[in-house]
Amino acid sequence: MKIDIGESLVYSYLRHVKHCSIVQINWKPSGNWVTNPEHLELSSLEFERIQRHPAFVEIFKTGFEHTIRQTEIDVLGIDQEDTIYVANVTFHENGINFGAKTDTRNRVIKGLLRAYLAMKIYFPGKKYVFMFCSPKVMPNTEEILSGYFNILKRDFEDEQARFIYLSNEQFRDRVMMDTLDCIQDEFDTSELFLRSFKLLTIYAEDQPSEAAGEVDSRQCPTPPSVETPAIQAENPETARIETSTETETEIPAPATNGSDSDREKNEILKVLSRIPKWFKHPDQTNSKILITYLNLLEKTEEVSLEQLSNACADVPRFQGNFAQMNNIAEKNHGKVFAYSGGLVTLWEPVKDYIIQQYIDFKKSYYKQ
């Protein structure tokens, strides 16, 4: 059987975020199930209402019974309050595409409406949440799907049924990030997404430099007219950050070299442009995590991920946000951390610049 990572993520989301005690991937009805004629009749009337709806006349090409037999739900979950979550998941790297935009729209809506009819037959009288989830939807398709979900909400949503559309940033924040925050202490190896995430965190740290203890100046740009600050221990239990000049810093451009990857150079530039803004807005989630880390670093020579997590207890979705500050990705917060052996350190290419910005931040704070 094909294993889909998107379905696995939503499976973990329903289990750990929505607290579903029963979750099944690829749910289908059986022809051997005994159905109540009254429930069949009510569902059949809804089928006819859909057929008459001006927005959905193209949706179903088959009759009622055949439509129900074709029902396939990517992930179905039942929570402890007997609410049923029905989730269809589509992940295409270049954005969902089932042919023409109308074909894509019809396929997405048909899957949800078919599930809507099936739930009324096999789980009558329950509360339902019908979800379509996709991490990447292109703008034109997004506009069409959003419009049709508004129609679903307007004409088919009631106290019993809800329709939810989660794509792009909403998928990232409400499905993936919330799930990552809930699985820190979970070790169920039957969950593919959970296992994948655990594997990635093992190798999340950067590769060590070829010469141990040496820092490549090409990877560690130093702001002009600023001596490199250092964290020096005054005694075994405390440390302080020192600098020998108060010259205002500027954002340096990283030196280019054929051996440096474009991806890393772009990440360095991104971080250097964002760090000053983070310190200007210390209430942002990413700012809180970084400033909390630097505060801890002033008090101890090493900071563990557990220490940082405990100190950031008031930060929502800490694990997911930390991952976005520890890895290079197109839409991450910006890589400022490296993680190895349970310890969190500043990423070498931007370490000195971050410390200098932190010093300036504290100076301005005390002046105020």
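Just so you know, all these numbers are worked out from the coordinates, no wet-lab data involved. Just so it is clear, the model here is predicted, and its values are computed rather than measured. Counting neighbours? That spans all protein chains shown, and the Cβs are built from the backbone with ideal geometry, glycine included.
A few comments on the model shown:
- Vicinal HN-Hα couplings computed from phi for region 64-74 (Karplus, 6.51 cos²θ - 1.76 cosθ + 1.60; Hz; Gly/Pro x): 4, 4, 5, 4, 5, 4, 7, 4, 9, 10, 4
- Extended-chain gain in nm, criterion 0.36 nm per residue less alpha-carbon gap, SER261 and LYS28: 79.2 nm
- For region 5-201, the relative contact order is 26 percent, taking Cα pairs closer than 8 Å that sit 6 or more residues apart in sequence and dividing their mean separation by the residue count.
- Computed extension length for ASP314-LYS331: 3.8 nm, one decimal, from 0.36 nm per residue of separation with the Cα-Cα distance subtracted.
- Of LYS280/LYS331; LYS153/LYS288; LYS61/LYS126; LYS136/LYS277; LYS331/LYS362, pairs whose Cα-Cα distance is over 31 Å: LYS153/LYS288
- Of the trypsin sites (Lys or Arg not before Pro) found in region 311-368, those in coil by DSSP whose Cβ has at most 16 other Cβ atoms within 10 Å are LYS331.
- Calculated from backbone phi, Karplus (6.51, -1.76, 1.60) coupling profile of region 107-116 in Hz, x at Gly/Pro: 5, 5, 5, 4, x, 6, 5, 5, 5, 4
- Cut-off 12 Å between beta-carbons: net charge of the residues surrounding ARG52, Lys and Arg +1, Asp and Glu -1: -2
- J(HN,Hα) series, region 282-288, from Karplus relation 6.51 cos²θ - 1.76 cosθ + 1.60, nearest Hz, glycine and proline x: x, 8, 5, 4, 5, 5, 4
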